[in-house]
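Read-outs throughout are calculated quantities, based only on the coordinates presented, and are distinct from any laboratory measurement. Model, not experiment: these values are computed from the prediction. Neighbour counts are summed over all protein chains in view; Cβ atoms, including those assigned to glycine, are modelled from backbone coordinates with ideal geometry.
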Amino acid sequence: MLFLLSAVQLTNFSGIIWRFCCQSTLFARRGETGEIFFWLVIFGVFIGIICVVSYAATQFTHKWKYNSHPSLFYSLCRIHDIDRSTRSMLKQVIRHHGMTQPARLFTEPQWLDPAKLGKAFEAKSQQILALRKRIFAIDQDSTKSL
């Protein structure tokens with residue numbers, strides 16, 4: 001998405017440069033250096049605004065990609081080799097429990113207990129137990145003794 005925006009901005013920017021060059025040659029022929037200086041200042045301000053917006057967008061995407069709860073959740077899913085359908089089921093579990101930190105599913109096994117999930121997850125209880133066993137190495141028998 002950012003690439004497309006950058007390509008569109010670059011195309012618009014090249015058109016602005018072309019117009020500026022045409023206008024500056026016309027001004028230079030007339031000898032109006034004050035107007036050339038004015039357009040150079042406007043051009044500099046425009047370049048500054050583009051740089052500031054680009055920097056802010058880069059910082060925002062970097063922060064979301066590396067320093068957020070969703071990014072930690074996706075990283076843990078990737079490390080545990082969890083496919084898209086299972087990740088979708090985990091998101092449903094997160095919504096069911098109302099968790100604000102989804103990565104807690106990978107540190108606290110009680111969130112993946114089918115008995116605590118209710119009737120909405122009865123059809124997926126075997127899949128949840130298999131995932132729980134894969135992540136925490138916990139069997140159904142070991143949870144009954146706790």
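Some observations on this one:
- Criterion violated by Ile50 - all others in (1) surrounded by fewer than 10 Cβ atoms within 10 Å (Cβ to Cβ); (2) part of a helix (DSSP H, G or I) satisfied: (1)
- Taking segment 116-143 as the range and being surrounded by 11 or more Cβ atoms within 10 Å (Cβ to Cβ) and either touching a residue at least 60 places away in the same chain (Cβ under 8 Å) or of a type in the set (Gly, Ala, Ser) (or both) as the test, the residues that pass are Ser125, Ala130, Ser142.
- Leading residue by the ranking (nearest to the chain's Cα centre (by Cα)) among those in segment 67-107 that are hydroxyl-bearing (Ser, Thr, Tyr) and part of a helix (DSSP H, G or I): Ser71
- From the options Ile128, Ile138, Ile94, Ile82, residue that is out of contact with any Leu (no Cβ under 8 Å at 6 or more places or on another chain) and aliphatic (A, V, I, L, M): Ile138
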